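Undergrad: The structure follows.
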Amino acid sequence: MSTAQPIPDILSPEFAADPYPVYRAMREHTPLLWHEATRSYVVSRYEDVSRVFKDKAAQFTTDNYDWQIEPVHGRTILQLSGREHAVRRALVAPAFRGSELQNTFLPVIRRNSEELIAAFRDRGSADLVADYATRFPVNVIADMLGLDKADHERFHGWYTSVIAFLGNLAGDPEVAAAGERTRAEFAAYMFPIIARRREHPGEDLLSTLCAAEVDGVRMSDEDIKAFCSLLLAAGGETTDKAIAGIFANLLTHPDQLAAVRADRSLVDRAFAETLRYTPPVHMIMRQTAVEVELAGGTVPAGATVTCLIGSANRDGERYREPDRFDIFRDDLTTTTAFSAAADHLAFALGRHFCVGALLARAEVETGVNQLLDALPDLRLPEGFAPSEHGVFTRGPQTLPVVFTPS
């Protein structure tokens with residue numbers, strides 16, 4: 001597990017500026033690395049990360065979420081296993097797939113996208129991050145839950161604080177305290193709304209969660225609050241970065257943007273390749289239930305394992321020319337890219353595969369199509385090159401574009 005070649009630390013400014021060369025060095029020289037600051041074993045190869053997520057031998061748990069996310073969300077579905085996990089997932093999953101998603105929430109997605117685009121389509125310029133990507137998924141989730149979109153700034157502040165807590169690898173006490181304050185503030189906001197929705201249910205997702213029952217089990221107020229908190233943070237931050245990422249990638253590859261503009265069936269390919277090439281979430285942790293052999297050595301039982309999604313998705317043993325953005329690559333399966341059978345790792349895999357993957361796909365498809373329709377000559381300003389920011393989650397902080405006003 002040692003190498004004579006120094007590799008920048010995952011908490012270093014060099015890593016934050018551009019993690020991809022560091023990932024390559026880790027895959028080649030230290031595929032299993034003990035990281036003292038995070039007290040975790042870091043794995044970087046596709047084969048290892050995929051194995052941890054699929055976990056067919058029940059060697060890995062999500063017990064790490066007890067300290068990683070419970071302080072900000074409360075106890076969530078991510079921490080559950082066995083029958084308890086299966087029942088909770090059965091309670092929430094129907095809203096995020098099939099007819100419920102198509103009939104109930106697709107109109108909500110379309111309307112929210114249209115409203116945001118209408119605010120800037122006649123200006124001739126916009127920032128796709130500030131004016132669109134950071135607002136769109138949060139507005140959709142607020143609408144889905146039947147919450148007041150006028151509280152958008154509070155929602156955005158809360159999920160930004162939560163994501164900072166999750167990515168607080170250096171252990172900054174102020175970030176930790178702000179995350180814990182968010183849990184209390186969100187609970188104070190949600191519990192009265194949940195009580196009213198139990199008394200007077202509507203057509204929204206929150207009412208559905210209040211009434212949902214599987215095998216005689218219903219969700220408690222705390223269960224519902226924790227799930228809503230998780231939905232706002234995970235659904236807001238990741239879709240925000242996915243939308244910014246797909247446009248950053250397409251705008252810097254004009255030939256592929258032209259192909260997508262001409263054939264909208266390629267949007268799925270562009271999204272799948274964005275999830276591989278620039279995933280919104282770069283790290284997910286698990287905990288070993290038993291001693292485990294991985295490439296590069298042995299991980300003891302009860303240890304935290306940091307899975308580097310951003311590295312695994314660029315593994316040359318799995319993908320040809322992994323550092324090239326190519327929506328036409330034939331080693332990434334688009335038809336399964338938004339299911340637990342995906343061959344990229346951006347949504348994880350196995351029983352904890354992201355329950356909101358199809359919602360994210362619907363939002364990205366809608367957003368890309370509506371933006372290309374409304375802004376037919378969308379392009380980057382002269383001389384601007386998009387850049388990514390972040391370590392735990394990563395994406396463009398700003399994405400200025402110019403176009404002919406409509």
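Undergrad: Would it be correct to say that THR404 is open to solvent by 50 Å² or more (accessible area, probe 1.4 Å) and in contact with a Leu (Cβ under 9 Å, 6 or more places away or on another chain)?
TA: yes
Undergrad: What is the number of the single condition among (1) closer than 30 Å to ILE246 by Cα; (2) in contact (Cβ under 8 Å) with a residue 60 or more places away in the chain; (3) surrounded by 14 or more Cβ atoms within 10 Å (Cβ to Cβ) that HIS152 does not meet?
TA: Checking HIS152 against (1) closer than 30 Å to ILE246 by Cα; (2) in contact (Cβ under 8 Å) with a residue 60 or more places away in the chain; (3) surrounded by 14 or more Cβ atoms within 10 Å (Cβ to Cβ), the one that fails is (2).
Undergrad: Here is a check on your reading of the model: is THR62 over 19 Å from ARG276 (Cα atoms), hydroxyl-bearing (Ser, Thr, Tyr) and in contact with a helix residue (DSSP H, G or I) (Cβ under 7 Å, 6 or more places away or on another chain)?
TA: Yes; evaluated as a whole, the condition is true for this residue.
Undergrad: Next up: Taking the stated definitions as given, is THR335 polar (S, T, N, Q) and modelled with pLDDT under 90?
TA: yes
Undergrad: So, one more: Exactly one condition in (1) assigned to a loop (DSSP other than H, G, I, E, B); (2) open to solvent by less than 40 Å² (accessible area, probe 1.4 Å); (3) modelled with pLDDT under 90 is not met by LEU359; state its number.
TA: Result: LEU359 fails condition (1) only.
The values are calculated or read from the model by the stated rules, or taken from the named source; none is laboratory data. This is a predicted model, so every value here is computed, not measured. Quick reminder, even Gly has a Cβ in these numbers, built from the backbone with ideal geometry, and neighbours come from all protein chains shown. What goes into the accessible areas is simple: the full protein's heavy atoms, side chains included, and nothing from ligands, DNA or RNA. Shrake-Rupley method; radii C 1.70, N 1.55, O 1.52, S 1.80 Å.
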